[in-house]
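Enquirer: Let me begin by handing over the structure; questions about it come next.
The values are calculated or read from the model by the stated rules, or taken from the named source; none is laboratory data. This is a predicted model, so every value here is computed, not measured. Every residue, glycine as well, gets a Cβ built from its backbone with ideal geometry; the counts of neighbours run over all protein chains shown. The area values use the complete protein model at the heavy-atom level, side chains included, leaving out ligands, DNA and RNA. Shrake-Rupley method; radii C 1.70, N 1.55, O 1.52, S 1.80 Å.
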Amino acid sequence: MDAYDEGSHARHGRTGSGVPGGSAPALPPDPPDPAPAGPAAQDDPRPSTAPPPPDPLSPDAGSPPPDADPSPSEPRTGVAALPLRHRIVAAVALGTVAVVVCVHIGMTFLHVAPANTVSKEHAEAVEDWIYPEFEQNWKLFAPNPLQQNISVQVRAEVLTPDGGVRTTGWYDLSAEDGRAIDGNPLPSHTQQNELRRAWDFLVATHDGENRPVGMRGTLAESYLRRIMVMRLDRSDAAGPGGVVDRVQVRSRTADVPPPEWSEEEVSTKPVYRTLPWWPVPEDEARGGIG
């Protein structure tokens, strides 16, 4: 047989493998993927399309999908959790408190501010709001602090059940407040200031003859009288069946003794200022509050 016979497979001609221009033999097809084990894989002839499990070391392994809500709704707390009716009540209460606070700040400003058109026009309303509970004074900043001990005392005329009248002894109310404050780390505002401020208010609105000056003087007397009757009622000054008919107030003022190293000499003899008897209205006679 001729070596150049086209049917011979012993040798390749010029167009055989390894010669330029010749066609390369076809590559064998890829081997099929091994079938997964298990009965489910045998029933489903389609190739598996499930994504591979996430890599636990990947930084995106624990991140939520982009369309997930990062802030799930939380239960309401506070006022928002109340029923509608309660929320309305709370809103009304807060509004009322805010209005009262604004009015108080405005009244206090008009009271301490220099005289102006508004304060002059509404002077009576401002004074009724401020005195006596919210009176302002600047004694804390006085260059010469008080150097006197002032105590307020009271006595009463009591109508007894048998129709008689008796006069009690003097009750030293300032001393009672002092005993309540002594050793008390948190004394009340009433124990510290009620009696003292009431007496200062009366002195500032009365002349040297103990006569009231204007409407404020009358208001000061009424305020101090109510305090006196309430204190007497707490001490049971009237006794069983008795009624307080009149009260009389006085002050005892004594200079504070100077320290031992001082050469200053002052008199420690007390000075008394006694007010006239005040009749007690019937609606106040049994406790001071009408």
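Enquirer: Can you give me the solvent accessible area of LEU186 with a 1.4 Å probe, rounded to the nearest 10 Å²?
Expert: That residue has around 150 Å² of solvent-accessible surface.
Enquirer: What is the extension gain from ALA93 to ASN184, computed as 0.36 nm multiplied by their sequence separation minus the C-alpha to C-alpha distance, in nm to one decimal?
Expert: Numbers: separation 91, 0.36 × 91 = 32.76 nm, distance 3.47 nm.
Result: 29.3 nm gained on full extension.
Enquirer: Next question. Are there any chymotrypsin sites (Phe, Trp or Tyr not before Pro) in segment 166-238 that are in a DSSP loop and have at most 16 other Cβ atoms within 10 Å? List them by number.
Expert: Sparse-neighbourhood loop chymotrypsin sites (Phe, Trp or Tyr not before Pro): TRP170.
Enquirer: How long are the three semi-axes of the equivalent ellipsoid for segment 181-290, computed from the Cα gyration tensor as the root of 5 times each eigenvalue, in whole Å, largest first?
Expert: One finds semi-axes of 30, 20, 14 Å for segment 181-290.
Enquirer: With a 1.4 Å probe and all protein chains left in place, how much of the accessible area of segment 88-240 comes from carbon and sulfur atoms, in whole percent?
Expert: 60
Enquirer: Counting only protein chains, not ligands or nucleic acids, how are HIS86, HIS189, HIS111 ordered by accessible area (probe 1.4 Å), most first?
Expert: Working: HIS86 85, HIS189 130, HIS111 50 Å².
Output order, biggest surface exposure first: HIS189, HIS86, HIS111.
Enquirer: Net charge near GLY164, counting Lys/Arg +1 and Asp/Glu -1 over other residues with Cβ under 15 Å of its Cβ?
Expert: Taking every Cβ under 15 Å from that of GLY164, the sum is -1.
Enquirer: How many nm separate the modelled label positions at GLU124 and SER222, each set 7 Å beyond the Cα in the direction of the Cβ?
Expert: About 1.3 nm separates the two model spin labels.
Enquirer: Next up: Find how much the distance from ARG197 to GLU260 grows on full extension, using 0.36 nm per residue of separation minus their present alpha carbon separation; answer in nm with one decimal.
Expert: So the chain would gain 19.6 nm between ARG197 and GLU260.
Enquirer: Say R0 is 30 Å: what FRET efficiency, to the nearest 0.05, do ARG211 and TYR272 get from their beta-carbon distance?
Expert: Once rounded, the FRET efficiency stands at 0.95.
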